Amino acid sequence: MSVDLEHYLIVSGLLFSIGLYVTLAKQSFIGVLIGIEMMFNAVNLSFISFARFVESGDPISGHVFVVFTITVSAAEAATALALAVLLYRVKGTVEVERMDLLKW
Amino acid sequence: MDETGVVIAFWVLAIMTIGSALGVVGARNIIHAVVFLVASFLGLAGLYVTLSADFIAVAQMLIYVGAISILLLFAIVLTPQENRNNSEGFLRLPALALALLVGAVMIFAAVDTEWAIADRDGFEETASAIGDALLDKYALPFEIASVLLLVAVIGSIVLVRPEPMEEDE
């Protein structure tokens, strides 16, 4: 019994779908952000497992790509959380269902 | 990759990661959800170690477990009242159906595809190879990423800055 690429990809797929559910279903803006971070992590896991197992001339590229996704997700988290604080200041809530300025 | 220890470590870490992710879904208080998220990130860092990705594992610990979770907690305590609620909205059932569908398709694709599995051992160490690649082959994306981070930091400071005082009219 050994651990193969498929095992890691299944963990990654499960984590991605849980993150997708959290992103779509949660009421709180911060809950939505938590789901997005989980999806980022699932993608990073599949990059790292492909870099480890799959035939490639330059396997370290997968790791470099993960460094960039971590950078982008950090930038995204900082900006989105600033937006959450700002939305709370303006509307007094962070529930996504009450962000309905474009609805009439 | 056939040592028993690695297999046991994989299963323990995978159960920890997925179980904590389910805890994020189930937690009613959003601070508990963030604590479950940290446990999930820690399990993922362990999975990176079993994949011989030492640098990425440490970066995961520093950035996700350290920085992003603290940032989430800061955002939670800066938006008080009623916002500790972590319950689902009216999109609950469509989201559940879509997530199950996407998960099933991804797992089917992962199991059914014939991957070109390489016959090599794990990396000896990755930090110096990543550093070489970042400053050689990927130098331009590296610089763009640093500009992106700078813009994001300045942007979030501008967004949450208190309203400027009315200066002399």
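The values are calculated or read from the model by the stated rules, or taken from the named source; none is laboratory data. Since the structure is predicted, the reported quantities are computational estimates derived from the model, not experimental observations. With ideal geometry, Cβ positions are generated from the backbone for all residues, glycine too; neighbour counts draw on all protein chains shown. Note: areas computed on protein heavy atoms with side chains; ligands, DNA, RNA excluded. Shrake-Rupley method; radii C 1.70, N 1.55, O 1.52, S 1.80 Å.
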Report ³J(HN,Hα) in whole Hz for each residue of region A:52-57, in order, from the Karplus equation J = 6.51 cos²θ - 1.76 cosθ + 1.60 where θ = phi - 60°; Gly and Pro get x.
-> 7, 9, 8, 4, 7, x
Determine the order of B:42, A:45 by accessible area, beginning with the largest, at a probe radius of 1.4 Å.
-> B:42, A:45
Loop chymotrypsin sites (Phe, Trp or Tyr not before Pro), region B:67-169 (other Cβ atoms within 10 Å of the site Cβ: 11 or fewer; DSSP) | B:90
Built amide H within the under 5 Å cut-off of residue A:54, gap 5+ = B:118
Sum -39500 (n - 2.57) across every DSSP H segment of at least 4 residues in the protein assembly as shown, then divide by the residue count to get the 222 nm mean residue ellipticity, nearest 500.
-> -24000 deg cm²/dmol
Which residue, A:50, A:68, A:29, tops the fluctuation ranking in a GNM of chain A built on C-alpha contacts under 10 Å?
-> A:68
To the nearest 20 debye, what charge dipole does chain B have about its Cα centre, counting +1 at the Cβ of each Lys and Arg and -1 at the Cβ of each Asp and Glu?
-> 740 debye
Placing each pseudo-label 7 Å from Cα in the direction of the beta carbon, residue B:92 and residue B:158 end up separated by a distance in nanometres of 4.1 nm
What does the accessible area per residue of region B:1-99 come to in Å², with a 1.4 Å probe and no ligands, DNA or RNA counted?
-> 46 Å²
Sketch the reach of a paramagnetic label on residue B:100 as a point 7 Å from Cα along Cα-to-Cβ, and name the residues of region A:1-18 whose backbone nitrogen lies under 19 Å away.
-> A:13-18
Where nothing but the Cβ of Lys and Arg (+1) and of Asp and Glu (-1) is charged, how large is the charge dipole of region A:25-104 around its Cα centre, in debye to the nearest 20?
-> 340 debye
GNM, chain A, Cα, under 10 Å: largest mean-square fluctuation among A:55, A:76, A:37?
-> A:55
How big is the accessible area of residue A:6 in square angstrom, nearest 10, if you roll a 1.4 angstrom probe over the protein chains?
-> 50 Å²
Using θ = phi - 60° and the Karplus form 6.51 cos²θ - 1.76 cosθ + 1.60, what ³J(HN,Hα) does each residue of region A:5-18 get, whole Hz, x for Gly and Pro?
-> 4, 4, 4, 5, 5, 5, 4, 5, x, 4, 5, 5, 6, 5
Label-to-label distance, nm, for residues given as residue B:147 and residue B:112 (7 Å Cα→Cβ offset) | 4.3 nm
For region B:48-169, build the charge dipole from Cβ charges (+1 Lys, Arg; -1 Asp, Glu) around the Cα centre, then report which of B:148, B:117, B:102 sits farthest towards its positive end.
-> B:102
Can you tell me the alpha carbon radius of gyration of region B:1-99 divided by the globular rule-of-thumb value 2.2 N^0.38 Å?
-> 1.26
Among B:37, B:140, B:62, the residue with the largest mean-square fluctuation in a Gaussian network model of chain B built from Cα contacts under 10 Å is B:140
Beyond 29 Å, the calculated P(r) of the protein assembly as shown holds a percent of Cα-Cα pairs equal to 37 percent
Of all the C-alpha pairs in region A:5-93, what % are more than 20 Å from each other?
-> 45 percent
Of all the accessible heavy-atom surface of region A:5-93, with the other protein chains kept in place and a 1.4 Å probe, what percent is carbon and sulfur?
-> 76 percent
List, largest first, the extents of the alpha carbons of chain B along their principal axes, each in whole Å.
-> 73, 46, 27
For region B:5-16, 3J(HN,Hα) per residue [Karplus equation, 6.51 cos²θ - 1.76 cosθ + 1.60, θ = phi - 60°, Hz, x = Gly/Pro] = x, 5, 5, 4, 4, 4, 5, 4, 5, 5, 5, 5
